[in-house]
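*Asks:* Questions regarding the structure given below will be posed in turn.
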Amino acid sequence: MEAFKSRPSGDVLPLAVTMGDPAGIGPDVTISAWLARSDEDLPPFAVLGDAAVFRARAAKLGLDSFPIADISTLDAAEAAFFEGLPVLPAGASLSHEAEPGLPDSRNSEAILQSIDLAVALALEGKAEGVVTNPISKHVLLSAGFRHAGHTEYLAELASAAGAPKRTAIMLMASAPLMAVPLTVHIPLNEVPRSVTRQRISETVAIIHDDFQRYFSLPRPRIAVCGLNPHAGESGDIGREEIDIIAPAIKELQEQGYAVSGPYPADTLFHEAARSAYDAVLAMYHDQALIPFKTLAFEDGVNATLGLPFVRTSPDHGTAFSLAGTGTASASSFIAALKLAARMRANEKAYVKSRVSGAVSRA
């Protein structure tokens, strides 16, 4: 897919990169990505957070002369980018010195301030998009965080800032597979009652709209998984396909969406099957992420659709056991930077074409 090729040319604003949990591999992969900026032809980016974290992590990795560019505004990042890793303070310094592999809930405020600032800069049009480093929900929960994850928190920040309210959905993005789970971080026994016609319809509409906007697909083809083995086997192994999923698909087809299914999930992810659709809508988390991570474990990207700004993230977690060891791969983080830049470039072209079309019809 074109979105995973080289980054767009021309002048672009920096991407806002969040600090993530400072005890995890976020600092490691950010440093590695900056070191590979020329070889990977990366777009300019700046980290929002405590520069001391990145100085200490670079030293831990044996990079004693690693250059940090302390900046006071995001627009200074592009000029500084090729001389040092730009770091913009997001608020107070860490409450407790970050030690690789030892997360500390006392640093939760600084972690969240980084995310808050990244979203604010994106909404103000000062950043091309947001690339989030991994956080530990458990660490944040112990400090009062009450969201299912990054996606939900970003959606709340956007809504609180007055952005039009839309449902934010997870897109697992890679060249071989684009997958969206209908339900995400809920127990498996809660999935069946969470699979509703309305939820399917809303999710397909967001995939359709945002694939037009971010991936330049005028009529994206969306394949829908069944919930049960063999997509219910004509009702013999469950009726959700007959009573909920198929009726939702029929309504969407009547509205003009290129959506099809429900398909048995066990035959929907091989190479020939993937050539017949642009995105797959799975019914639950592992139904989407197991095939996705099998196909794109090293360079898959977690993107969010339904937000009023571009957001991507590496598809891995904090990996505390790897922090500071020099063994963490930056491939997914690098892919997240590239995808964010490409999505934003496609969005600009999409908006321009819509404006031009409106003017020509006037």
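The values are calculated or read from the model by the stated rules, or taken from the named source; none is laboratory data. Please read these numbers as outputs of a predicted model, since none were measured by experiment. Here Cβ is always computed from backbone atoms with ideal geometry, including for glycine, and neighbour counts include all displayed protein chains.
*Asks:* Here are the criteria: (1) modelled with pLDDT under 95; (2) out of contact with any Leu (no Cβ under 8 Å at 6 or more places or on another chain); (3) not charged (D, E, K, R). Tell me which single one Pro86 does not satisfy.
*Replies:* (1)
*Asks:* Exactly one condition in (1) crowded, with 16+ Cβ neighbours inside 10 Å; (2) within 17 Å of the chain's Cα centre (by Cα) is false for Thr167; which is it?
*Replies:* (1)
*Asks:* Same structure again: Quick check on the range 64-119: of everything there that is among the aliphatic types (A, V, I, L, M) and surrounded by fewer than 16 Cβ atoms within 10 Å (Cβ to Cβ), which residue is nearest to Ala161 (Cα to Cα)? Break it down into steps so the answer makes sense when it comes.
*Replies:* From the range 64-119, those among the aliphatic types (A, V, I, L, M) are 68-69, 71, 74, 76-77, 79-80, 85, 87-88, 90, 92, 94, 98, 102, 110-112, 115, 117-119; that's our starting set.
Subset that is surrounded by fewer than 16 Cβ atoms within 10 Å (Cβ to Cβ): 79, 92, 102.
On the way: Ala79: 29, Ala92: 22, Leu102: 33 Å.
Looking at residues that are among the aliphatic types (A, V, I, L, M) and surrounded by fewer than 16 Cβ atoms within 10 Å (Cβ to Cβ), I get Ala92.
*Asks:* Further question: Looking only at the range 275-300, which residues are modelled with pLDDT of 95 or more and acidic (Asp, Glu)?
*Replies:* Listed by number, the residues that qualify are Asp278, Asp286.
*Asks:* Taking the range 84-114 as the region of interest, how many residues are more than 20 Å from Phe320 (Cα to Cα) and either within 25 Å of the chain's Cα centre (by Cα) or outside the structural domain of Leu61 (by TED's automatic domain parsing) (or both)?
*Replies:* Within the range 84-114, the subset more than 20 Å from Phe320 (Cα to Cα) is 84-93, 113.
Cutting the leftovers down to either within 25 Å of the chain's Cα centre (by Cα) or outside the structural domain of Leu61 (by TED's automatic domain parsing) (or both) gives us 85-91, 113.
Count: 8.
*Asks:* In the range 206-224, is there at least one residue being over 30 Å from Lys348 (Cβ atoms) and at pLDDT 95 or above?
*Replies:* So in the range 206-224, the residues over 30 Å from Lys348 (Cβ atoms) come out as 224.
Of the ones still in play, those that are also at pLDDT 95 or above are 224.
There is at least one residue in the range 206-224 that is over 30 Å from Lys348 (Cβ atoms) and at pLDDT 95 or above.
*Asks:* All but one of (1) over 20 Å from the mean Cα position of the chain (by Cα); (2) among the aliphatic types (A, V, I, L, M); (3) under 29 Å from Leu140 (Cβ atoms) hold for Ala36, so report the exception by its number.
*Replies:* (3)
*Asks:* Can I ask one more? Is there a residue being in the same structural domain as Pro100 (by TED's automatic domain parsing) and buried (at least 23 other Cβ atoms within 10 Å of the Cβ) anywhere in the range 37-45? Break it down stepwise before answering.
*Replies:* First, pick out the residues of the range 37-45 that are in the same structural domain as Pro100 (by TED's automatic domain parsing): 37-45.
Those left that are additionally buried (at least 23 other Cβ atoms within 10 Å of the Cβ): 43, 45.
Within the range 37-45 (the criterion being in the same structural domain as Pro100 (by TED's automatic domain parsing) and buried (at least 23 other Cβ atoms within 10 Å of the Cβ)), the answer is yes, since at least one residue qualifies.
*Asks:* Out of the range 208-244, which residues are aliphatic (A, V, I, L, M) and in contact with a Lys or Arg (Cβ under 8 Å, 6 or more places away or on another chain)? Talk me through it step by step, then tell me what you get.
*Replies:* Step one: list which residues in the range 208-244 are aliphatic (A, V, I, L, M), which gives 217, 222-224, 227, 231, 237, 242, 244.
Of everything in the range 208-244, just one residue is aliphatic (A, V, I, L, M) and in contact with a Lys or Arg (Cβ under 8 Å, 6 or more places away or on another chain), namely Ile244.
*Asks:* Look through Thr183, Thr132, Thr151, Thr203 and report the one residue that is out of contact with any Leu (no Cβ under 9 Å at 6 or more places or on another chain) and touching a residue at least 60 places away in the same chain (Cβ under 8 Å). Show your work before the answer.
*Replies:* On the way: Thr132 fails: out of contact with any Leu (no Cβ under 9 Å at 6 or more places or on another chain); Thr151 fails: out of contact with any Leu (no Cβ under 9 Å at 6 or more places or on another chain); Thr203 fails: out of contact with any Leu (no Cβ under 9 Å at 6 or more places or on another chain).
The conditions single out Thr183.
*Asks:* While we're on this one: So, Val351, is that one surrounded by 13 or more Cβ atoms within 10 Å (Cβ to Cβ) and either within 26 Å of Gln212 (Cβ to Cβ) or not assigned by TED's automatic domain parsing to the domain that holds Thr132 (or both) or not? Please lay out each step first, then the result.
*Replies:* On the way: surrounded by 13 or more Cβ atoms within 10 Å (Cβ to Cβ): no; either within 26 Å of Gln212 (Cβ to Cβ) or not assigned by TED's automatic domain parsing to the domain that holds Thr132 (or both): yes.
So Val351 fails the test.
*Asks:* Could you check the range 60-83 and list, in sequence order, the residues that are in contact (Cβ under 8 Å) with a residue 40 or more places away in the chain, within 26 Å of the chain's Cα centre (by Cα) and assigned to a loop (DSSP other than H, G, I, E, B)?
*Replies:* Step one: filter the range 60-83 for residues in contact (Cβ under 8 Å) with a residue 40 or more places away in the chain, giving 60-62, 74-75, 77-78, 81-82.
Pick out the ones that are also within 26 Å of the chain's Cα centre (by Cα) and you get 74-75, 77-78, 81-82.
Result: Phe81, Phe82.
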